[in-house]
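Written below as structure tokens is the structure these notes are about.
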Amino acid sequence: MEFQYWKVIIRYGHVGLGNEISVARHLVFETSMNISDIISFVEGMPGTKKNPVVSIKKISSEEYLKGTRNEKENFYLKNLYENSKAI
């Protein structure tokens, strides 16, 4: 099975009345997935706004690994994970 790596800038809500935050997420999918499949996946992620994808770009596996390490340091994502586990 082969994989492709993507950097997706996603709009998240729940940061105050009508406010949002854009966060870069680094995602991995099977090569059979196309951009519309990935957008559909992102729309189902917790905390995302309506029409959440700001940009989407195919990246290398090295960029993916570096990006996922940076995601672990993101305050908003840490808080989002903690709150979604409590549900």
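Does the range 58-78 include one or more residues that are open to solvent by less than 80 Å² (accessible area, probe 1.4 Å), at pLDDT 95 or above and touching a His at 6+ places or on another chain (Cβ under 6 Å)?
Within the range 58-78 (the criterion being open to solvent by less than 80 Å² (accessible area, probe 1.4 Å), at pLDDT 95 or above and touching a His at 6+ places or on another chain (Cβ under 6 Å)), the answer is yes, since at least one residue qualifies.
Would you confirm whether any residue within the range 34-51 is in contact (Cβ under 8 Å) with a residue 40 or more places away in the chain and touching a strand residue (DSSP E or B) at 6+ places or on another chain (Cβ under 8 Å)?
yes
So, in the range 1-31, how many residues would count as being within 17 Å of Ser60 (Cα to Cα) and either in a strand (DSSP E or B) or modelled with pLDDT of 85 or more (or both)?
The qualifying residues number 16.
The values are calculated or read from the model by the stated rules, or taken from the named source; none is laboratory data. Keep in mind that this is a model prediction, so the values were computed, not measured. Methodologically, a virtual Cβ is constructed for each residue, glycine included, from the backbone with ideal geometry; neighbour enumeration extends over all protein chains shown. These area figures cover heavy atoms from the full protein model, side chains too; ligands, DNA and RNA do not enter into them. Shrake-Rupley method; radii C 1.70, N 1.55, O 1.52, S 1.80 Å.
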